[in-house]
Amino acid sequence: MSHNTWLHRSVRSAVRPLIDTSITPNHITTARLITGLISAGLFAIGDLTLQYYAAAFFLLSMFLDRADGELARASGKMSAWGHKYDLVTDALCNALVFVGMGIGLRTGVFGWAAILMGIIAGAAVGLILWLVIQVEAQRGQRAAEIRISSGFDPDDAMVVVPLAAVLNWMEFLLAAASIGAPVFAVLAYRYHWRALLTQHAKRV
C-alpha cells in the first residue's frame with residue numbers, strides 16, 4: 001500500500017500534535033483494530049440502523065489505519081514489529097468486515113449463502129496479506145507496495161464499504177467482493193509470487 005494517498009494526506013495535520021506525546025503508532029493501530037472489529041460486529045447484527053453506525057466505525061478505522069503510519073514516519077517511531085502489526089490488523093479488519101456483512105445479510109436475497117460469500121471475500125483478503133508478508137520477507141519492507149498516481153491505491157477501494165452501507169447497496173457489494181477479492185488475490189499471486197519463485201530458483 002502506498003503512503004501518499006489522499007487519505008494519508010488528510011490525516012497528516014491531525015497526527016502532528018501527537019509527535020512529541022506518549023501516544024505511539026501502535027496505540028493508533030490498536031484503535032484501528034478495535035473500531036474495525038466494532039464495525040464488523042455491527043454489520044453482523046443485520047439491523048438497518050446499526051448498519052449506518054457500522055459504516056461510521058469502519059470509515060474511522062480506515063483513517064486510523066492511515067494515521068498510524070503517518071505518525072510513525074513523522075515521529076521516527078517506525079519498527080518492523082509495528083509494521084507487521086499494522087499489516088495483520090489491516091487484514092483482520094478488512095476481512096472480518098466482509099464476514100460480518102455476510103452474516104448480517106443472511107436474511108436477504110442471498111439467504112444463508114451470504115455467510116459463505118462473506119467468508120470467501122474475507123479469506124481472499126487474508127490470502128493477500130499472507131502474500132504481502134512473504135514478499136516483504138524476501139525483498140524487504142514495502143516491496144509489495146503498488147505505486148499508482150492520482151492519490152489512490154488499491155486499499156483505498158475499501159471506502160466502498162461505508163458508502164455501500166449508507167446507500168443500502170450491501171448485497172451488491174457482497175456479491176462483487178466475493179468475486180473481486182479472489183480475482184485480485186490470484187492476480188497478486190501471479191504478479192509477486194511467481195517472481196519470488198524465480199528469484200529463489202536462481203539463488204539455488
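In what order do S13, S79, S61 fall by count of nearby beta-carbon atoms within 10 Å, going from fewest to most? List each step's numbers first, then the result.
Values: S13 9, S79 12, S61 27.
Starting with the residue having the fewest Cβ neighbours, the order is S13, S79, S61.
Based on other C-beta atoms within 10 Å, arrange L18, L64 from fewest to most. Don't skip to the answer; put the middle values down first.
Working: L18 18, L64 22.
Exposure proxy ranking, most exposed first: L18, L64.
Note down the net charge around R32, summing +1 for each Lys or Arg and -1 for each Asp or Glu among other residues with Cβ under 10 Å from its Cβ. Working shown, then result.
Working: positive: R66; negative: D65, D68, D86, D90.
With Lys, Arg at +1 and Asp, Glu at -1, the neighbours total -3.
Provide the per-residue ³J(HN,Hα) series for region 103-111, in order, calculated from phi with Karplus coefficients 6.51, -1.76, 1.60 and θ = phi - 60°, each as a whole number of Hz, with x at glycine and proline positions.
So the J values, rounded to whole Hz, are 5, x, 9, 5, 9, x, 4, 7, x.
Values quoted throughout were computed directly from the atomic coordinates according to the rules given, and no laboratory measurement underlies them. All figures in this text were calculated on a predicted structure; none of them were measured in a lab. Note that each Cβ is placed from the backbone with ideal geometry, even for glycine, and that neighbours are counted across all protein chains shown.
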